[in-house]
């Protein structure tokens with residue numbers, strides 16, 4: 001297990017995966033930790049669909065490779081499809097019940113990626129995919145929103161790239177804009 005700071009600094013988008021299979025035990029840990037992510041009124045407006053069956057995995061690149069992107073998905077052996085479900089807020093809440101769902105799913109996705117890294121795995125978050133075809137392939141109901149798809153696996157090379165980020169002065173302030 002890594003220190004939290006190490007996990008955060010080592011997490012990166014991987015596009016070169018090895019063929020080593022992801023262990024179900026690690027997937028269960030990742031899913032359990034992601035399920036503990038905070039959400040508005042504890043609504044947990046997500047469902048994670050793990051795709052690690054060889055037959056389905058072999059069909060995933062066809063529904064993920066859009067235009068000239070996601071070509072790397074041909075080498076991935078595990079995916080997690082992140083779906084939005086109905087958010088049920090506490091009685092008396094005055095805002096739309098889906099208002100926070102996208103943020104909640106973003107937080108849960110961050111938990112997924114950080115937990116995966118802590119388990120020695122790498123990830124890549126994908127937002128481009130053939131929605132209707134993914135739903136058909138995985139028997140996801142038509143009215144369910146697929147928000148993201150996560151490639152999960154072992155990196156071919158686990159060297160951490162230098163992260164280029166804006167300075168804190170450009171992205172943060174205290175007490176006023």
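Coordinate-derived values only; no laboratory data. Just so we're clear, the structure is a prediction, and the values are computed from it rather than from any experiment. When we count neighbours, we look across all protein chains shown, and the Cβ atoms used for this are built from the backbone with ideal geometry, even at glycine.
Restricting to DSSP H runs of at least four residues, report the calculated mean residue ellipticity at 222 nm for the chain, -39500 (n - 2.57) per run over all residues, nearest 500 deg cm²/dmol. Walk me through the numbers on the way to the answer.
Working: 6 runs with 60 residues, N = 177.
The helix-only estimate for the chain comes to -10000 deg cm²/dmol at 222 nm.
Could you give the length gained by full extension between residue 156 and residue 174, i.e. 0.36 nm per residue of separation minus their alpha carbon distance, to one decimal place?
Length gained, residue 156 through residue 174: 2.4 nm.
Quick one: 25, 133, fewest Cβ neighbours within 10 Å first, how do they rank?
25, 133
Quick check: pseudo-label points 7 Å beyond the Cα along Cα→Cβ at residue 137 and residue 86, how many nm apart are they?
2.9 nm
Which FRET efficiency value, to the nearest 0.05, is calculated for residue 144 and residue 35 with the Förster distance at 22 angstrom and r the Cβ-Cβ distance?
0.80
Write down the percent of antiparallel bridges among all DSSP beta bridges whose residues are both part of the chain, to the nearest 5.
95 percent
Name the most mobile residue of 18, 39, 139, meaning the one with the largest mean-square fluctuation, in a Gaussian network model of the chain with Cα contacts below 10 Å.
Top of the fluctuation ranking is 139.
Taking R0 as 25 Å, what FRET efficiency do you get between residue 23 and residue 58 from their Cβ-Cβ distance, rounded to the nearest 0.05?
On the way: r = 20 Å, r/R0 = 0.79.
According to the calculation, E is roughly 0.80.
Compute from the Cα atoms of the chain the Rg and the Dmax, the latter being the longest Cα-Cα distance, and quote both in angstrom.
When restricted to Cα atoms, the chain yields Rg and Dmax of 17.3, 54 Å.
Whole angstrom only: what separates the Cα centroid of region 156-177 from the Cα centroid of region 100-122?
18 Å
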